[in-house]
1. Condition (residue is touching a residue at least 60 places away in the same chain (Cβ under 8 Å) and among the polar types (S, T, N, Q)) applied to the stretch 107-125: is it met by at least one residue?
2. So, of the residues in the stretch 76-97 that are part of a helix (DSSP H, G or I) and out of contact with any Lys or Arg (no Cβ under 8 Å at 6 or more places or on another chain), which turns out to be modelled with the lowest pLDDT?
3. Only one of MET54, MET73 is surrounded by 14 or more Cβ atoms within 10 Å (Cβ to Cβ) and modelled with pLDDT under 80; which?
4. Of all residues in the stretch 107-121, which are at pLDDT 85 or above, loosely packed, with under 14 Cβ neighbours inside 10 Å and either outside any loop (DSSP other than H, G, I, E, B) or not hydrophobic (A, V, I, L, M, F, W, C) (or both)?
5. Can you tell which of ALA150, ALA195, ALA172, ALA182 is without any contact (Cβ under 8 Å) to a residue 24 or more places away in the chain and surrounded by 14 or more Cβ atoms within 10 Å (Cβ to Cβ)?
6. So for the stretch 140-154 (the condition being among the hydroxyl-bearing types (Ser, Thr, Tyr) and part of a helix (DSSP H, G or I)), does at least one residue qualify?
7. If ASN133 meets every condition in (1) surrounded by 15 or more Cβ atoms within 10 Å (Cβ to Cβ); (2) modelled with pLDDT of 95 or more apart from one, which number is that one?
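The values are calculated or read from the model by the stated rules, or taken from the named source; none is laboratory data. Since the structure is predicted, the reported quantities are computational estimates derived from the model, not experimental observations. So basically every Cβ, Gly included, is an ideal-geometry build from the backbone, and we count neighbours across all protein chains shown.
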Amino acid sequence: MSELVKCPFCNSSEITIDDHFDTPVGRFSIQAACGRCYAIGPSSDESSKASIEMKEQQAADRWNQRAGNVVAMCKHEKRHVTAHAVDGALGDLNLRVTASGEYSPGGAQNCYQIAEQREDGFEWLHSIIVFQNGNPADGVNGVTLEAVLATCFDRLEHFQKGPYANAYNAEALHHIERAIEALKDRTRERDRVEAAK
């Protein structure tokens, strides 16, 4: 089996291929996983004809390819994002947001890292968000703004159903919902233009 590259999210070498996931039809796939930050790689195929060794190799290859893609996208120019901060460069929980990677033809970077700035000066990487780079018709390689906003909307919506509901969350929900709809309108208009060609 191919040697597994380090985790692109936390730089750990503790990568294993030992996760088997049952499916409704009785098949299973295998994934590589990081033992430090629990990042999970793409699944192997669920085909019942493939041996465990073949699936393990496939999971290893897919982990290495995905890790390489993330590292390549995030290694270029880095820029601190401070819009989340009430005061200074760090937000709540001492989180630093860094945009990185080459600028796309649309003028934006596609990789965002969210790390905790600890008192000892060490940064603990909590998450990497990789956005779609290029035309999805050529292959999906990241997430969309709509998907990230939908995640934030869902989380706030559930907070509002709990004991700490407040007017600030309600206002944030309203604006996030409007942002999602505006982006959906952009997609609808693009689709109409493409269909008219």
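1. For the stretch 107-125, residues touching a residue at least 60 places away in the same chain (Cβ under 8 Å) and among the polar types (S, T, N, Q): absent.
2. We begin by selecting, within the stretch 76-97, every residue part of a helix (DSSP H, G or I); these are 92-94.
Filter once more, keeping what is out of contact with any Lys or Arg (no Cβ under 8 Å at 6 or more places or on another chain): 92-93.
Values: ASP92: 82, LEU93: 86.
Selected residue: ASP92.
3. Working: MET54 fails: modelled with pLDDT under 80.
Exactly one residue qualifies, and that residue is MET73.
4. GLY107
5. Values: ALA150 fails: without any contact (Cβ under 8 Å) to a residue 24 or more places away in the chain; ALA195 fails: surrounded by 14 or more Cβ atoms within 10 Å (Cβ to Cβ); ALA182 fails: surrounded by 14 or more Cβ atoms within 10 Å (Cβ to Cβ).
Going through ALA150, ALA195, ALA172, ALA182 in turn, the sole match is ALA172.
6. As a first pass, look at the stretch 140-154 and keep what is among the hydroxyl-bearing types (Ser, Thr, Tyr): 144, 151.
If we keep only those that are part of a helix (DSSP H, G or I) too, we end up with 151.
Yes, there is a match, as at least one residue in the stretch 140-154 is among the hydroxyl-bearing types (Ser, Thr, Tyr) and part of a helix (DSSP H, G or I).
7. (2) is the only condition that ASN133 fails.
Results for (1) of a type outside the set (Gly, Ala, Ser); (2) exposed (fewer than 11 other Cβ atoms within 10 Å of the Cβ); (3) more than 26 Å from ALA67 (Cβ to Cβ), shown as yes or no for each residue.
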position	(1), (2), (3)
GLY101	no, no, no
GLU123	yes, no, no
GLU157	yes, no, yes
TYR168	yes, yes, yes
